[in-house]
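One structure below.
The values are calculated or read from the model by the stated rules, or taken from the named source; none is laboratory data. What you see is a predicted model; the values in this text were computed from it and never measured. Quick reminder, even Gly has a Cβ in these numbers, built from the backbone with ideal geometry, and neighbours come from all protein chains shown.
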Amino acid sequence: MEKKLFLPTINSPADVKKLNIAELKSLALELRQYIIEVVSKNGGHLAPSLGVVELTLALHKVFDVPKDKLIFDVGHQSYVHKIITGRREQFKTLRQYGGISGFPKRTESECDAFGTGHSSTSISAALGMAVARDLHGDNYNVVAVIGDGSMTGGLAFEALNHAGNANKNLIVVLNDNEMSIAKNVGAMSEYLSALRTGEIYNSVKNNLAKLLEGAEFGESVLHIVRRLKGSLKYLIVPTSVFEELGFTYLGPVDGHDLTALIDVFEGAKKIQGPVLIHVLTKKGKGYKPAEDNPDIFHGTGPFDIKTGNKIDKNDNKITYTEIFGETLINLAKENANLVAITAAMPDGTGLRKFAEIFPDRYFDVGIAEQHAVTLAAGMATEGLKPIVVVYSSFLQRAYDNVLHDVCVQNLPVTLCLDRAGLVGDDGTTHHGVFDFAFLRSMPNMVIMSPKDENELQSMILTAIKYYAPITIRYPRGSGLGVEISEPEELQIGKAEVIKDGEKVCLWAIGSMVDIALQVADKLNEHGINAGVVNMRFAKPLDEELLQIHGNKYQYLITLEEGVLKGGVGSAVLESLNKKHLLDRCHVFNLGIPDEFVAHGDKKLLLKDLGLDSQSVVKKVLSWVK
């Protein structure tokens, strides 16, 4: 007899509600297999979603989505939710150009109550929804599912603090798998460990028993303590932290036991006020390679299902992240004051090996970019040379810390922004296209971007020798494959003329320098000898060279993998205008327009934005008469 399949029958959350426990268990197995199959081809966040299969099914069994609001923090956990909310077939297009997003997205489904690409936002958003519900006199549940890694973010604590005081009906599901992207660090991680094991209560209870053993008053004292509202257990069991914030704490609960999950969710709906449910899950559950290496399979490219081995599409070229990590180690051997800071991204930022070699000079602060920057500022005041390594899109959360704590005090903090520019499949929430614009406005800040992996080395050396705020931003993925040589210190604010030309000159920065060289070659076929400048610095500009070129060339075209509004092209226009050169020199800026860019293959996105070499050539030919 052929085994019945349940996944093909699931077209909405209502279909999940019809299934009994045995059927839900079968569905869970099918969902895991489907997610593994799709992610093995498309890449994506595998381990987080495998860990929440039963949890997500239980939530949809108990709650009435989309009437009830369900928020996933971070969206890495949302794949099961997407599949069972009407996107089963679309899931095959996960993270592909024109396909569905890898994160919850309000414009994608009414079941996605809130878009979440960055962490620690769910409790704030959920509380906002609960406030709106009560003001409107409505009646529905609001549930935030937050990973224990996201609980290291300050915004989560701010929201917990307010939610407990607001006393709104709100359910927070703490998905505790001891991991965010890497192994969790800090006091919160240790605290949750104590919650999981009950070791604090058991330790104190055992010690107290020994202390009172044989004492005449022992039993009477224990009897009195048990009767007190503020009893010994209440005082020492770690649940008191959440309870003192005003939450009813339930758990820990086995996050893979459907019956237990459904029971606790049904019970939570009946409790007045905010509730926190502590759920224990295993990241990567159901796929051994992901269970054994949850950090590697947190976010993965395509892989072979049988072996778990990554299918490498990079032609073995070294990545910018790898060259950064190796260069930093070499420089740290020569500079005892050099320290590295990351926000829960030791592997993604290339710092894993640094941490092993220099454990006392490596600091993982958890998902807390604001703290990372101000921590670095404090270190810098006392003679250390801190390097803060974060993804470009994540630095956005630390804007004020960079401005107020680093730039105002002109402190020698180096910001290294990985994943700058378009990042491809992760899409809108992760494209690092705003850093040029928001950092350029900050006094005392220097901003560099390398044309290739070799120049990245030189920029790291330059930054370490520079004693004021400085930023290096570099792209995701492989370099150009250039020959690696010894790094050389660069002169701050000086550009590199790669090619002289006539009439037309392309001023490019970072990843767009290679595009500019391709454009120059193609323009040559049309009889146009275009010059090419590697700007190197977004701030300060090489204004001396810019003035010379403003007088020499009739057309200047700027190219940047960042937003145009307030970006590097704007800086060029400002400088030329100050020198009264815009009347004789036509300037055209190419970059990211005033819109959010979708997800998809980077080459396709560049073409859509008119930033691939062929599109740029067409534009230049239309401008140059």
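So which residues in the range 33-75 are buried (at least 20 other Cβ atoms within 10 Å of the Cβ) and basic (Lys, Arg)?
Across the range 33-75, the qualifying residues are LYS61, LYS69.
Go over the candidates SER109, SER124, SER101 one by one and state the one that is polar (S, T, N, Q) and in contact with a helix residue (DSSP H, G or I) (Cβ under 7 Å, 6 or more places away or on another chain). Spell out the reasoning first.
Working: SER109 fails: in contact with a helix residue (DSSP H, G or I) (Cβ under 7 Å, 6 or more places away or on another chain); SER101 fails: in contact with a helix residue (DSSP H, G or I) (Cβ under 7 Å, 6 or more places away or on another chain).
Matching residue, one of SER109, SER124, SER101: SER124.
Could you list, in sequence order, all residues of the range 1-42 that are assigned by TED's automatic domain parsing to the domain that holds LYS69 and among the acidic types (Asp, Glu)?
Those that are assigned by TED's automatic domain parsing to the domain that holds LYS69 and among the acidic types (Asp, Glu): ASP15, GLU23, GLU30, GLU37.
Among the residues of the range 519-527, is any farther than 15 Å from TYR553 by Cα, of a type in the set (Val, Ile, Thr) and surrounded by 19 or more Cβ atoms within 10 Å (Cβ to Cβ)?
For the range 519-527, residues farther than 15 Å from TYR553 by Cα, of a type in the set (Val, Ile, Thr) and surrounded by 19 or more Cβ atoms within 10 Å (Cβ to Cβ): present.
Have a look at ASP138, ASP64 and point out the one that is assigned by TED's automatic domain parsing to the domain that holds ASN161, without any contact (Cβ under 8 Å) to a residue 24 or more places away in the chain and either farther than 18 Å from ARG32 by Cα or not acidic (Asp, Glu) (or both). If you could, list the steps in order and put the result at the bottom.
Values: ASP64 fails: without any contact (Cβ under 8 Å) to a residue 24 or more places away in the chain.
Only one candidate passes the filter, namely ASP138.
If ASN309 satisfies all but one of (1) in contact with a helix residue (DSSP H, G or I) (Cβ under 8 Å, 6 or more places away or on another chain); (2) at pLDDT 90 or above, what's the number of the condition it fails?
That leaves (1) as the condition not met.
Would it be correct to say that ASN330 is at pLDDT 95 or above, in the same structural domain as PRO450 (by TED's automatic domain parsing) and part of a loop (DSSP other than H, G, I, E, B)?
Working: at pLDDT 95 or above: yes; in the same structural domain as PRO450 (by TED's automatic domain parsing): yes; part of a loop (DSSP other than H, G, I, E, B): no.
No: the conditions fail for ASN330.
Within the range 22-51, can you find the residues that are of a type in the set (A, V, I, L, M) and out of contact with any Ser or Thr (no Cβ under 6 Å at 6 or more places or on another chain)?
Of all residues in the range 22-51, those of a type in the set (A, V, I, L, M) come to 22, 24, 27-29, 31, 35-36, 38-39, 46-47, 50.
If the condition is that a residue be of a type in the set (A, V, I, L, M) and out of contact with any Ser or Thr (no Cβ under 6 Å at 6 or more places or on another chain), then ALA22, LEU24, LEU27, ALA28, LEU29, LEU31, ILE36, VAL38, VAL39, ALA47, LEU50 are the ones that fit.
Each row is one residue, and each column tells you yes or no for (1) crowded, with 24+ Cβ neighbours inside 10 Å; (2) small (Gly, Ala, Ser); (3) at pLDDT 90 or above; (4) farther than 26 Å from HIS430 by Cβ.
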{"position": "SER122", "(1), (2), (3), (4)": "yes, yes, yes, no"}
{"position": "ALA125", "(1), (2), (3), (4)": "no, yes, yes, no"}
{"position": "VAL143", "(1), (2), (3), (4)": "yes, no, yes, no"}
{"position": "LEU155", "(1), (2), (3), (4)": "no, no, yes, no"}
{"position": "ALA159", "(1), (2), (3), (4)": "yes, yes, yes, no"}
{"position": "ALA166", "(1), (2), (3), (4)": "no, yes, yes, yes"}
{"position": "LEU170", "(1), (2), (3), (4)": "yes, no, yes, yes"}
{"position": "GLU178", "(1), (2), (3), (4)": "no, no, no, no"}
{"position": "ILE181", "(1), (2), (3), (4)": "yes, no, no, no"}
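From the list MET448, MET512, MET459, pick out the single residue that is in the same structural domain as ILE387 (by TED's automatic domain parsing), at pLDDT 95 or above and within 22 Å of ILE548 (Cβ to Cβ). Explain how you work it out, then say what you get.
Working: MET512 fails: in the same structural domain as ILE387 (by TED's automatic domain parsing); MET459 fails: within 22 Å of ILE548 (Cβ to Cβ).
The conditions single out MET448.
Test ARG87 against the criterion of being part of a loop (DSSP other than H, G, I, E, B), more than 23 Å from the chain's Cα centre (by Cα) and charged (D, E, K, R), and give yes or no. Break it down into steps so the answer makes sense when it comes.
On the way: part of a loop (DSSP other than H, G, I, E, B): yes; more than 23 Å from the chain's Cα centre (by Cα): yes; charged (D, E, K, R): yes.
Criteria met by ARG87.
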